[in-house]
Amino acid sequence: RPLTAAQIDYALDDVNYLGDLYRHLKQALQEKQRIHWLDEECAHLTHPATYQLYPDQAWQQVKGIGRVVSSDLSIVQALAAWRENTAVHKNLPRRWILNDQAILALAQNKPHSPTQTRSILEQYAPKSLRHAKNIHTVLEQAYPIDNNLTVVDRRLSKQQQALVKKMMQATLEKSQQIGTSPSLLANRKSIVSLILGEESKITAGWRHSQIGTQLMQMLDN
């Protein structure tokens, strides 16, 4: 983003074919009595809450956050929130503004001068140098903050890792039986969330009836 004229034309060409595809796919779904699957997926995709941004919570999605010590999390939070707001303002992907690796490096190294900040950006995110001044200002404001943030430990025990493998195998077998993609049915992330007792899409809707009951029984056992 922003999209070029050629990219927009390409997107419009896609739409030209979706009408015919829709009729074909809808008929296939009706024959398999799976229209309600589509309804559930579309309800999620069209719900405003699906796209609600919470900049102060964006730090939880930074890849590698589990390696950051608690005292540095407020820095990660401040940088991630600034990145989220900047990306929205400029209409650009957030990692074009500042990548996750650079956020972690800045939090761990805690540069105390603009020169040190630029040095870290040169190493981890050279394209973000144009934001160096703003990034350093964010850092200066973040250092004294202590929000008592904690990271949920998502590391799995050997027993849990073995259970993930069993569940993924069960999902693969079920997907072959009903003729759908195993990752659509229950991907690894949703399985791990189930095992950790977190919210998982497996526990509701059509996924629950197709595979969720079986996986939850495996978890209980």
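The values are calculated or read from the model by the stated rules, or taken from the named source; none is laboratory data. Being a predicted model, the structure only gives us computed values, none of them experimental. All Cβ positions, glycine included, derive from the backbone under ideal geometry; neighbour counts span all protein chains shown. For accessibility, only protein heavy atoms count, side chains too; no ligands or nucleic acids. Shrake-Rupley method; radii C 1.70, N 1.55, O 1.52, S 1.80 Å.
Rounding to the nearest 20 debye, state how big the charge dipole of the chain is about its Cα centre with +1 on each Lys and Arg Cβ and -1 on each Asp and Glu Cβ. Before the final figure, lay out the partial values.
Working: 26 positive and 20 negative charges, 117 e Å.
For the chain, the charge dipole is close to 560 debye.
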Which one, 28, 105, 58, has the greatest fluctuation when you compute a Gaussian network model over the chain with C-alpha springs under 10 angstrom? 28
Just how far, in whole angstrom, is the stretch 97-111 from the stretch 182-221 if you go by their alpha carbon centroids? 34 Å
Under Karplus coefficients 6.51, -1.76 and 1.60, residue-wise ³J(HN,Hα) of the stretch 69-84 in Hz, glycine/proline x: 6, 4, 5, 9, 5, 5, 5, 4, 4, 5, 5, 5, 5, 4, 4, 4
Ignoring ligands, DNA and RNA, please state the percent of accessible area on the chain from carbon and sulfur, probe 1.4 Å. 52 percent
Calculate one ³J(HN,Hα) per residue across the stretch 46-52 by plugging θ = phi - 60° into the Karplus curve 6.51 cos²θ - 1.76 cosθ + 1.60, and present them in order as whole Hz with x for glycine and proline. 9, 7, x, 5, 4, 10, 5
Give me, ordered by chain and number, the residues 5 or more places off residue 68 or on other chains with an amide H under 5 Å from its own placed amide H. none
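Grab the DSSP H runs of the chain that are 4 residues or longer, score each as -39,500 (n - 2.57), total them, divide by all residues and round the 222 nm result to the nearest 500 deg cm²/dmol.
Numbers: 11 runs with 133 residues, N = 221.
When only DSSP H runs of four or more count, the value is -18500 deg cm²/dmol.
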Just to confirm the number: angle between the C-alpha axis of helix 35-45 and the first principal axis of the chain, 0 to 90 degrees, nearest 10? 10 degrees
If you roll a 1.4 Å probe over the heavy atoms of the protein chains, what accessible area per residue do you get for the chain, in Å²? 66 Å²
About its Cα centre, how strong a charge dipole does the stretch 1-43 have in debye, to the nearest 20, once Lys and Arg get +1 and Asp and Glu get -1 at the Cβ? 100 debye
Please build a GNM for the chain, connecting alpha carbons under 10 Å apart, and tell me which residue among 125, 11, 162 fluctuates the most. 11
Quick check on the stretch 11-81: what does the Kirkwood estimate of hydrodynamic radius come out to from the alpha carbon pairs, in Å? 16.0 Å
Loop-only trypsin sites (Lys or Arg not before Pro) in the stretch 53-130, please: DSSP not H, G, I, E or B, and at most 15 other Cβ atoms within 10 Å. 63
Could you name the lysines in cross-link range of residue 201, using Cα to Cα under 27 Å and dropping any fewer than eight places away on the same chain? 26, 32, 63, 158, 165, 166, 174, 189
Return the lysines within reach of residue 110: Cα separation strictly under 16 angstrom, same-chain partners fewer than 8 residues apart disregarded; answer none if there are no such residues. 133
Along each principal axis, Cα extent of the chain, largest first, Å: 64, 52, 27
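Would you please name the trypsin sites (Lys or Arg not before Pro) within the stretch 151-198 that are DSSP coil residues with at most 13 other C-beta atoms within 10 Å of their C-beta?
Values: sites: 154, 155, 158, 165, 166, 174, 188, 189; in loops: 154, 155.
Answer in residue order: 154, 155.
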Given springs between every Cα pair under 10 Å in a Gaussian network model of the chain, which of 150, 117, 46 has the largest fluctuation? 46
